[in-house]
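Report on the following structure.
The values are calculated or read from the model by the stated rules, or taken from the named source; none is laboratory data. In this text, all values refer to a predicted model and were calculated from it rather than measured experimentally. For neighbour counting, all protein chains shown are included, and Cβ atoms are generated from backbone atoms with ideal geometry for every residue, glycine included. Side chains included, ligands, DNA and RNA excluded: accessible areas come from the protein's heavy atoms. Shrake-Rupley method; radii C 1.70, N 1.55, O 1.52, S 1.80 Å.
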Amino acid sequence: MSTEQPRITHIFISRQRDEPMIALEEAEVIADWGLAGHRKSRPGSKRQIYLVDETTLASVDLQPGDLTENFTVRGMDVNALREGQRLRIGTALLEITGPCTVCAHLELSRPGLKEALSGRRGVLARALESGTVRVGDEVQVV
């Protein structure tokens, strides 16, 4: 059994709709906002940050960033996280707000993808405490 801690392997933001995700080595998380510079960040939103795990991506032959996630995680099934659970990543604190639902947009990118990801498209979170998240940071359920 592996004792390796779950870690962030990729960080992405998008500045504008329909533009490619921008890979970062670190991102600033802003409390009740989301990621600095990310187009979907806004106060009060339950969709401030989107997390997906590498195992899910690999199971459907996708690469990190293909689902427009903000954080790609290795070593944790993020789909098992439940609403209200909190994650310490780097110096930031996040709260899971629920699963990311599959949408018709997935079918536009690849037929059958919506069904293949049903119930395991990752989770959404809101930023409770500001901080910095870097590629390689541990993901801790607190």
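Per residue, how much space in cubic angstrom lies within the convex hull of the C-alpha atoms of region 1-64? Intermediate results must be reported in sequence, preceding the final value.
Values: hull volume 8.0 nm³, N = 64.
Dividing the Cα hull volume of region 1-64 by its residue count gives 125 Å³.
Residues of region 59-77 with an amide N closer than 16 Å to a point placed 7 Å from the Cα of residue 5 along the Cα-to-Cβ direction: 73-76. With all protein chains in place and ligands, DNA and RNA left out, the 1.4 Å accessible area ranks 74, 121 as 74, 121, largest first.
Just the number please: accessible area per residue for the chain, 1.4 Å probe, all protein chains included, in Å². Write down the numbers at each step before the final one.
On the way: 7610 Å² over 142 residues.
Value returned for the chain: 54 Å² of accessible area per residue.
Across all Cα pairs in the chain, the calculated P(r) in 10 Å bins from zero up to the longest distance comes to 13, 47, 35, 6, 0 percent per bin.
Mean-square fluctuations from a GNM of the chain, with a 10 angstrom spring cutoff on Cα atoms, peak among 82, 47, 120 at 82.
For the chain, the mean residue ellipticity at 222 nm estimated from helices alone is -2000 deg cm²/dmol, where every DSSP H run of n ≥ 4 contributes -39500 (n - 2.57) and the total is divided by all residues, rounded to the nearest 500. Here the relative contact order of region 1-45, from alpha carbon pairs under 8 Å that lie six or more residues apart, stands at 29 percent.
Label separation (residue 118 vs residue 26): 4.3 nm, computed from points 7 Å beyond Cα along the C-beta direction.
For the pair residue 55 and residue 16, label points projected 7 Å from Cα toward Cβ lie 3.9 nm apart. For residue 92, the residues 5 or more places off, or on other chains, whose built amide H falls under 5 Å of its own are 132.
Protein heavy-atom surface of the chain, 1.4 angstrom probe: 49% of the accessible area is carbon and sulfur, with nucleic acids and ligands not counted. Computed 3J(HN,Hα) for region 46-60, one whole-Hz value per residue from the Karplus formula 6.51 cos²θ - 1.76 cosθ + 1.60 where θ = phi - 60°, is 8, 10, 6, 9, 10, 10, 9, 9, 4, 4, 5, 4, 5, 5, 10, glycine and proline marked x.
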